[in-house]
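One structure below.
The values are calculated or read from the model by the stated rules, or taken from the named source; none is laboratory data. Owing to the predicted nature of the structure, the values given are computational and were not obtained by experimental measurement. Note that we place each Cβ from the backbone using ideal geometry, even for glycine, and neighbour counts take in every protein chain shown.
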């Protein structure tokens, strides 16, 4: 990814985060948000994604609905969002990325992954319009 595209994405990510409600900010303090250009080969294999721009985000950890004392000492939870996947999802049929679409995809991806932290499945998120 070229530096200019990365800079634009990060600027829009900040714009989206600044406008999210306090509850989302509290969740991000509990589940850190990481940003990468694209998923590693290991992540692609683990998730079954075919191409690196197929994946917009990933929650790694144990959902609160599955936690128990047995999970103490495990790696911390984290939400990772992928610039390339979000940019690909935000493209229109002409390959252009509009500002509104990009912001919407960033917003949706963050909420989608935080919902996994709360135990929602892909099917449940699809029903809620965050699939």
Residue list for the stretch 34-51, filter: surrounded by 12 or more Cβ atoms within 10 Å (Cβ to Cβ), free of Cβ contacts under 8 Å to residues at least 24 places away in the same chain and under 17 Å from residue 88 (Cα atoms): 44, 49, 51
Residue match in the stretch 8-18 (condition: surrounded by fewer than 16 Cβ atoms within 10 Å (Cβ to Cβ) and in a loop (DSSP other than H, G, I, E, B)): no
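Keeping to the stretch 36-58, report how many residues are farther than 16 Å from residue 105 by Cα and in contact with a helix residue (DSSP H, G or I) (Cβ under 7 Å, 6 or more places away or on another chain).
Taking the stretch 36-58 first, the residues farther than 16 Å from residue 105 by Cα are 39-52.
Checking which are in contact with a helix residue (DSSP H, G or I) (Cβ under 7 Å, 6 or more places away or on another chain) leaves us with 52.
Total meeting the criteria: 1.
Would you point out the residue of the stretch 78-105, among those that are under 19 Å from residue 60 (Cβ atoms) and touching a helix residue (DSSP H, G or I) at 6+ places or on another chain (Cβ under 6 Å), that is surrounded by the most Cβ atoms within 10 Å (Cβ to Cβ)?
86
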Residue list for the stretch 1-33, restricted to those being without any contact (Cβ under 8 Å) to a residue 24 or more places away in the chain and either in contact with a helix residue (DSSP H, G or I) (Cβ under 7 Å, 6 or more places away or on another chain) or farther than 25 Å from residue 119 by Cβ (or both): 2, 3, 4, 7, 8, 11, 14, 18, 19
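Go through the stretch 46-65 and give me each residue that's assigned to a loop (DSSP other than H, G, I, E, B) and modelled with pLDDT under 85.
Selection gives 62, 63.
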